[in-house]
1. List the residues whose amide H sits under 5 Å from the amide H of Val120, counting only those 5 or more places along or on another chain, with H placed 1.01 Å from N in the peptide plane.
2. To the nearest 20 debye, what is the magnitude of the charge dipole of region 120-173 about its Cα centre, counting +1 on the Cβ of each Lys and Arg and -1 on the Cβ of each Asp and Glu?
3. Of the accessible area of region 186-238, with the probe set at 1.4 angstrom, what percent is carbon plus sulfur?
4. Using +1 at the C-beta of Lys and Arg and -1 at the C-beta of Asp and Glu, which of Leu171, Trp302, Phe20 has the Cα lying farthest in the positive direction of the dipole of the chain?
5. Mind checking the full-extension length gain between Arg22 and Thr3? Use 0.36 nm per residue of separation minus the Cα-Cα distance, one decimal, nm.
6. Are there GluC sites (Glu not before Pro) in region 268-321 that DSSP puts in a loop and that have at most 15 other Cβ atoms within 10 Å, and which ones?
7. Given H placed on each backbone N at 1.01 Å, which residues far from Asp79 in sequence or on other chains put an amide H within less than 5 Å of it?
8. Give the residue from Gln97, Ala129, Ala202 lying farthest towards the positive end of the charge dipole for region 69-208; charges sit on Cβ (+1 for Lys and Arg, -1 for Asp and Glu) and the dipole is referred to the Cα centre.
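The values are calculated or read from the model by the stated rules, or taken from the named source; none is laboratory data. Not measured: the values here are computed from a predicted model. Here Cβ is always computed from backbone atoms with ideal geometry, including for glycine, and neighbour counts include all displayed protein chains. With ligands, DNA and RNA removed, areas are computed over all heavy atoms of the protein, side chains included. Shrake-Rupley method; radii C 1.70, N 1.55, O 1.52, S 1.80 Å.
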Amino acid sequence: MSTYDIKRGVSLYSYQEEYFLRQKSLEDLIKVSAEMGAKGIELISEQTFPGYPNPLDPSVYDNWHALMAKYGTTPVCHDFMLDYKKYKDRPMPFEEQVASCKVDIDHAARLGCPYTRALVSIDPNVLVACADYAESRNVRILIEVHAPLHFDHPWIIRHAEAFEKSGSDYLGFLPDMGMFLFAFPPVWKEKFIRDGVPQHIADYICKAYEDRVLSEYVILEVEKMGGVGPAIGMATTLRHNAAFEPKRMLDHMDRIWNIHAKFYEMTEDLVEPSIPYDEIIRVLKQGGYKGYICSEYEGNRWIQDAFPVDSIEQVRRQQEMFKKLIGEPQAAVSAA
């Protein structure tokens, strides 16, 4: 038997459209998230705080904590970058990479975030070198497992081995549910068709994805069908996406402390057509997951050329889906 406690949250990245266009303020977005019951707040500070990663005025942190208190929300995770290609003529020195990560650890601590997300491209040795400092600040570093990578990819295995060898409990994983793309997203297909992909080629690519045909074979076949430009672009998406198995999270559940609930579209009947969230939640329950699952809407870029973007409604629909799948109201319960 195992116990689980799946809590609902949202990454403010989901609202990038409205925030960039100044249609909604930071407070507006925290307020609507709280109203949905998505009480865990994840953020990308470069998006949220002008000037970051340069030092921020203390009033920025005061305002952040005031908003958390006002709306009853909880800081969950600060998603950080590492500009290791900052210099054109040389790689960023190892020590400088470590120092950069420590800046983000400090920032996460000041925000009250127990976790900070590291980009998947960061060398595991950099994170291991930061582990003791992260522990001193009580902030865990989570490497994001993001498509086309997955838990059986050699790079992720290398991280897992480095984390175990370090002996640190402050290094872990943040899986992005986009690696479980079981069907070609309809909003992708429709966008490619608007960009000029012939219907029959678009249909073929979607069927090939469903049949798990090797991406290179699909690209070659599209070329034989006369596909050019956008058609080749649509076919190459298969190189970067796949239907990996949610159950592979089970072997790493002791180091999974936050989750990105990637989605591209929520229909009116509360279904994500391409990502199997019913199976994902079942696996999380089976593994005794205790933590947040944070909505991460990424469908705006696939519709903004033709339709108004309503990120808030999309997130609301996903949160309603999660209520049903998790089984709210929920305290920690037993799962077989």
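1. Amide H neighbours of Val120, under 5 Å, 5+ apart: Glu144.
2. 80 debye
3. Roughly 59 percent of what the probe reaches on region 186-238 is carbon or sulfur.
4. Farthest towards the positive pole: Leu171.
5. Fully extending the segment from Arg22 to Thr3 adds 2.6 nm.
6. Glu268
7. Amide H neighbours of Asp79, under 5 Å, 5+ apart: Leu43, Ile44, Ser45, Arg117.
8. Value computed over the given set: Ala202.
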